[in-house]
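Encoded as structure tokens, the structure appears first; notes follow it.
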Amino acid sequence: MDPKDMDPKVMDPKGRPSRATEAFFGRRRGKTIRPQQAAALERGFSTYRLDLTAGPPAELRSLFEADVRAIHLEIGFGGGEHLLHRATAAPETGFVGVEPFVNGMAKMMMAVREQPLANLRVHDDDATRLLDWLPQASLDGIDLLYPDPWPKKKHWKRRFVSPVNLDRFARVLKSGGKFRFTSDIDSYVNWTLLHCRAHDAFAWQAEEAADWHRPYEGWPGTRYEAKAVREGRRPAYLTFVRR
């Protein structure tokens, strides 16, 4: 089956992707956040939250307090373990983290309250809005790590990897930029390989069979990944280069 047949583009009357078809995440809230988490959110958003009501700056690096040389996007950072690790380890790189789940964002804002990061910005809504806001060829990398697999076939259209979103990735990634995808769900791994191989802008970076089961260099792991391994699911680590 052609990947494009599995997830057709749906456009609005003006020829843009229809957001009504793009429900890529489920619930927004879990347990009620504590007062100190709510305070951390309010304070953290005043420093780290991107304002998409204004146009993007001519030079995207100006979004950050730090003098950054490259910019990476992480979509759906969960509890933030990986994003915090990378942003701390690479202060010369700017990181934008997207997480619509309030509890995950609260955890991140609690962490940066204790350890401020001058190379971090966040977005707490639909990642597609951010992708459409970003300038063309403005990112050096995009990470989509353990996204919701939407395992039921009737929900596959909600998977974030799709022809529409790969078009978005291709628009904002620089030539040579990398899209990294990690999952422990075999059907989603295969889905992603099919879609990326069918897209002219992306080349799968793998030289031998073991490559896609080898964690990325400096990979810190996540709590979700540890649980998946305990339950017998083997993670896959895919890297696609923007042609």
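The values are calculated or read from the model by the stated rules, or taken from the named source; none is laboratory data. In this text the structure is predicted, and so the values were computed from the model without any measurement. All Cβ positions, even for glycine, are placed from backbone atoms using ideal geometry, and neighbour counts span all protein chains on display. For the accessible areas, the whole protein counts, side chains as well, though only heavy atoms, and no ligand, DNA or RNA atoms are used. Shrake-Rupley method; radii C 1.70, N 1.55, O 1.52, S 1.80 Å.
Here are some notes:
- Total residues in the range 198-224 satisfying the condition of being touching a helix residue (DSSP H, G or I) at 6+ places or on another chain (Cβ under 7 Å), hydroxyl-bearing (Ser, Thr, Tyr) and either open to solvent by 40 Å² or more (accessible area, probe 1.4 Å) or within 13 Å of Leu238 (Cβ to Cβ) (or both): the figure is 0.
- Selection count, the range 54-99, where residues are under 13 Å from His123 (Cα atoms), out of contact with any helix residue (DSSP H, G or I) (no Cβ under 6 Å at 6 or more places or on another chain) and modelled with pLDDT under 95: 0
- Qualifying position, being assigned to a strand (DSSP E or B), among the aliphatic types (A, V, I, L, M) and touching a helix residue (DSSP H, G or I) at 6+ places or on another chain (Cβ under 8 Å), among Val122, Val161: Val122
- Out of Trp156, Trp191, Trp212, sole residue that is touching a Phe, Trp or Tyr at 6+ places or on another chain (Cβ under 7 Å), within 22 Å of Leu73 (Cβ to Cβ) and part of a helix (DSSP H, G or I): Trp212
- Of residues in the range 59-98 being hydrophobic (A, V, I, L, M, F, W, C) and under 16 Å from Arg223 (Cβ atoms), the one most open to solvent (accessible area, probe 1.4 Å): Leu84
- Selection of the range 139-187 for residues being under 15 Å from the mean Cα position of the chain (by Cα) and among the small types (Gly, Ala, Ser) yields Gly141, Ser162, Ala170, Gly177, Ser183.
- Residues (closer than 19 Å to Pro135 by Cα and not acidic (Asp, Glu)) located in the range 59-86: Leu60, Arg61, Ser62, Leu63, Phe64, Val68, Arg69, Ala70, Ile71, His72, Leu73, Ile75
- Hits in the range 220-243 (condition: free of Cβ contacts under 8 Å to residues at least 24 places away in the same chain and in a loop (DSSP other than H, G, I, E, B)): Glu231, Gly232
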